Amino acid sequence: MNGSQRVPLPESKTFHHPITVSDPAPHSAPHYVPRSALSSLRIKQFMLLLALGNHGSLRKAADELAVSQPAASKSLLEVESALGTQLFERTHSGLTPTAAGRCAINHAQSIIGSVRRMKYELDAIEHQRQEILRIGLIMGAVTGAFCGVVSRACADRENLLVEAQEGTSAELMLKLQSGELDLVFARSGLAIGQPELEVRELATEPICIAAGAQHPLDTGRLYTCADLAGYPWISYEPKAPLAALLSDWFDDSGCAQPVIKLRTTSALVTVATLCNTDCLAMLPSSVFKHVVADDRIKKIHTTSTLSLGDYSAYWHRHSLRLATIRNVLQSTV
């Protein structure tokens, strides 16, 4: 056989070459999305797309999802890599969705809506004829607006089951967005840039300093922050508003940061610890009034007015439980 001759391949066979290091990366061809890349996408990443579309800011989107800005940036890059296209233009003023980005945001909204509807239908299957309403609330709302909601639910809707959980505003708002909660009592001002949410302002949350009844501090005297700096403190997880308020109060008063002996998310754990130690703690005034009746703890008066500001009720404008939410919220008017 002449070396210059080529033998034609049979027409019935086709050959596909494997991707090598010299091939262009999958994300350089927007029309090609590997199945393994799509399967790596998570609900929280779709929520990130919605938050970025609403705020146009990586920092604000990260705050809404209760993650760090570097984590949000990494997650966005993962989404863009998985979809094989750039979704946002990065500018000095923030992030602007591309045409592909607007498409992805619209589909992300549909996906999250489908998850919420799935949860609603699963509840209907599990609880059959019983209504269910899932509520998330910050500590200050437990003995405030929430009591009125539960009272109305028990009196007017005998077929209604209320499931309640306590958490920080950031945690609860994230669960509201994902459909895990129907109604949230959280800090005011969290619905900016989220037109799908309805809001009702409820109350202001004043804060007091609490100590066990056996504590040597005198309830009849006014104390400065410096007077209290020498005592151990109970605080909350570092990102919690009460923890930030305590830290800021000491900073603003020119005092070294307090010695924290216990961190907790539970008001009950806080009260139990106050009763058995010389620790101090910040508590919402409404919570203090609720537990002070048995004289186990006392209020320490200070020269400062402490508050976490207002809190509000939040729910989805198109919630499948909208009628129930509006009915139980009548008690908060």
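The values are calculated or read from the model by the stated rules, or taken from the named source; none is laboratory data. These numbers were taken from a predicted model, which means no experiment stands behind them. We place every Cβ from the backbone using ideal geometry, glycine too, and count neighbours over all the protein chains shown.
Observations on the structure shown:
- The condition of being outside the structural domain of Arg317 (by TED's automatic domain parsing), under 27 Å from Asp182 (Cα atoms) and at pLDDT 90 or above holds for only one of Ala72, Ala66, Ala51, that being Ala72.
- Which numbered condition Leu161 misses (of (1) surrounded by fewer than 18 Cβ atoms within 10 Å (Cβ to Cβ); (2) not in a strand (DSSP E or B)): (2)
- The condition of being surrounded by 16 or more Cβ atoms within 10 Å (Cβ to Cβ), modelled with pLDDT of 90 or more and hydrophobic (A, V, I, L, M, F, W, C) holds for only one of Leu190, Leu181, that being Leu181.
- Any hit, the stretch 265-282, residues being more than 26 Å from the chain's Cα centre (by Cα) and acidic (Asp, Glu): yes
- Counting only strands (runs of 3 or more DSSP E) that sit completely within the stretch 165-264, those holding 3 or more residues that are within 30 Å of Phe46 (Cβ to Cβ), assigned by TED's automatic domain parsing to the domain that holds Ala323 and under 13 Å from the mean Cα position of the chain (by Cα) correspond to 183-187.
- Qualifying position, being aliphatic (A, V, I, L, M) and farther than 13 Å from Ile300 by Cβ, among Leu217, Leu245: Leu245
- Qualifying residue in the stretch 283-299 (condition: in a strand (DSSP E or B) and within 20 Å of Leu172 (Cβ to Cβ)): yes
- Residue within the stretch 80-89 that is among the polar types (S, T, N, Q), part of a loop (DSSP other than H, G, I, E, B), surrounded by fewer than 18 Cβ atoms within 10 Å (Cβ to Cβ) and modelled with pLDDT of 90 or more present: yes
- Taking the numbered list (1) at pLDDT 90 or above; (2) in contact with a Gly (Cβ under 9 Å, 6 or more places away or on another chain) in turn, Pro34 passes all entries but (1).
- Condition met for Ser253 (surrounded by fewer than 19 Cβ atoms within 10 Å (Cβ to Cβ), free of Cβ contacts under 8 Å to residues at least 12 places away in the same chain, out of contact with any strand residue (DSSP E or B) (no Cβ under 8 Å at 6 or more places or on another chain) and of a type in the set (Ser, Thr, Tyr)): no
- Looking only at residues of the stretch 251-304 that are charged (D, E, K, R) and touching a Gly at 6+ places or on another chain (Cβ under 9 Å), we find that the one that is modelled with the highest pLDDT is Asp278.
Okay, residues lined up against (1) modelled with pLDDT under 80; (2) farther than 30 Å from Pro284 by Cβ:
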| residue | (1), (2) |
| --- | --- |
| Ala100 | no, yes |
| Val142 | no, no |
| Ala155 | yes, no |
| Ser169 | no, no |
